[in-house]
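Written out below as structure tokens is the structure these notes cover.
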Amino acid sequence: MTTTAPAGLRTVTWELTPENDVPPKLHHQLNALLRESFPYTTEQFRDGRSWAGARPERRLIGRIDGRPVAHTGLLRRFLRVGGTDQLVGEVGLVAVHPALQGTGVGREMADRTQAALATLRLPFGYLNCHTSVLGYYLSVGWTALDGTDTRHYEPDDELTALVTTARPMVLPVTAALTAWPAGTRIERDGTEL
């Protein structure tokens with residue numbers, strides 16, 4: 001899959017890759033992209049890791065001249081919402097190289113992420129986002145779950161479940177938003193992607 005980037009940029013080539021097919025060299029390249037994109041959390045990407053908590057099942061990777069410039073991790077999992085088990089495609093590790101932010105690459109990545117979730121036949125995409133990127137997710141079709149929080153384990157403390165301060169959001173994929181279960185607490189039962 002390829003797409004033409006905005007004027008002045010080269011072509012971005014996209015691939016959806018299973019986690020077991022990511023070679024070590026690509027993990028190191030993704031580590032560099034994630035560290036540049038999230039400079040305030042570089043300690044999460046220690047030892048050359050290209051993941052922070054749970055490992056993704058699939059990776060959507062955008063490249064220019066073979067170098068990763070955009071990335072989204074996807075993981076199928078069940079969440080507990082108001083006593084209901086809800087299958088979702090958890091989305092995380094969403095990054096666009098700082099030099100390409102605001103160029104349309106992020107919007108293209110969002111469209112391709114939704115298509116990947118549909119290919120996996122998932123009813124919803126799910127993520128937690130910080131206030132600083134809320135506008136981006138709202139602009140590409142995600143819905144904030146007001147009055148709802150998420151409890152999960154942190155990678156460095158898997159003995160104590162914590163409530164995150166990040167905002168839970170859903171993306172209707174193969175189901176309508178009205179099918180999302182009612183509840184004020186989402187139980188992740190594991191570490192964040």
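The values are calculated or read from the model by the stated rules, or taken from the named source; none is laboratory data. All values reported here derive from a predicted model rather than from experimental measurement. Glycine gets a Cβ as well: all are built from the backbone with ideal geometry, and neighbour counts include every protein chain shown.
Remarks
- Positions within region 57-89 being under 19 Å from Pro39 (Cβ atoms) and surrounded by fewer than 17 Cβ atoms within 10 Å (Cβ to Cβ), in sequence order: Arg67
Yes/no per residue for (1) in a strand (DSSP E or B); (2) surrounded by fewer than 17 Cβ atoms within 10 Å (Cβ to Cβ); (3) at pLDDT below 95:
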{"position": "Leu9", "(1), (2), (3)": "no, yes, yes"}
{"position": "Thr13", "(1), (2), (3)": "yes, yes, no"}
{"position": "Asn20", "(1), (2), (3)": "no, yes, no"}
{"position": "Glu36", "(1), (2), (3)": "no, yes, yes"}
{"position": "Thr41", "(1), (2), (3)": "no, yes, yes"}
{"position": "Phe45", "(1), (2), (3)": "no, no, yes"}
{"position": "Ala54", "(1), (2), (3)": "no, no, yes"}
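- Of the residues making up region 90-144, those that are surrounded by 14 or more Cβ atoms within 10 Å (Cβ to Cβ), in contact (Cβ under 8 Å) with a residue 40 or more places away in the chain, of a type outside the set (Gly, Ala, Ser) and under 22 Å from Leu79 (Cβ atoms) number 14.
- Taken over region 71-106, the criterion of being over 30 Å from Arg151 (Cβ atoms) and either outside any helix (DSSP H, G or I) or more than 16 Å from the chain's Cα centre (by Cα) (or both) is satisfied by His97, Pro98, Ala99, Leu100, Gln101, Gly102, Thr103, Gly104.
- Here the condition is being in contact with a helix residue (DSSP H, G or I) (Cβ under 6 Å, 6 or more places away or on another chain) and within 25 Å of Asp189 (Cα to Cα); of Phe45, Phe78, it holds for Phe45 alone.
One line per residue, one yes/no per condition, for (1) at pLDDT 90 or above; (2) over 18 Å from Arg80 (Cβ atoms); (3) part of a loop (DSSP other than H, G, I, E, B); (4) out of contact with any Lys or Arg (no Cβ under 6 Å at 6 or more places or on another chain):
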site	(1), (2), (3), (4)
His152	no, no, no, no
Thr165	no, yes, yes, yes
Val170	yes, no, no, yes
Ala175	yes, no, yes, yes
Ala182	yes, no, yes, yes
Glu187	yes, no, no, no
Gly190	no, no, no, yes
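Residues checked against (1) of a type in the set (A, V, I, L, M, F, W, C); (2) touching a strand residue (DSSP E or B) at 6+ places or on another chain (Cβ under 6 Å):
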| residue | (1), (2) |
| --- | --- |
| Thr13 | no, yes |
| Thr17 | no, yes |
| Val22 | yes, no |
| Tyr40 | no, no |
| Gly48 | no, no |
| Ala54 | yes, yes |
| Asp65 | no, no |
| His71 | no, yes |
| Val81 | yes, yes |
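- Cross-chain or 6+ apart pairs with Cβ under 6 Å, region 17-29 first and under 13 Å from His71 (Cβ atoms), then assigned to a loop (DSSP other than H, G, I, E, B) and modelled with pLDDT under 95: Glu19/Arg55; His27/Ser50
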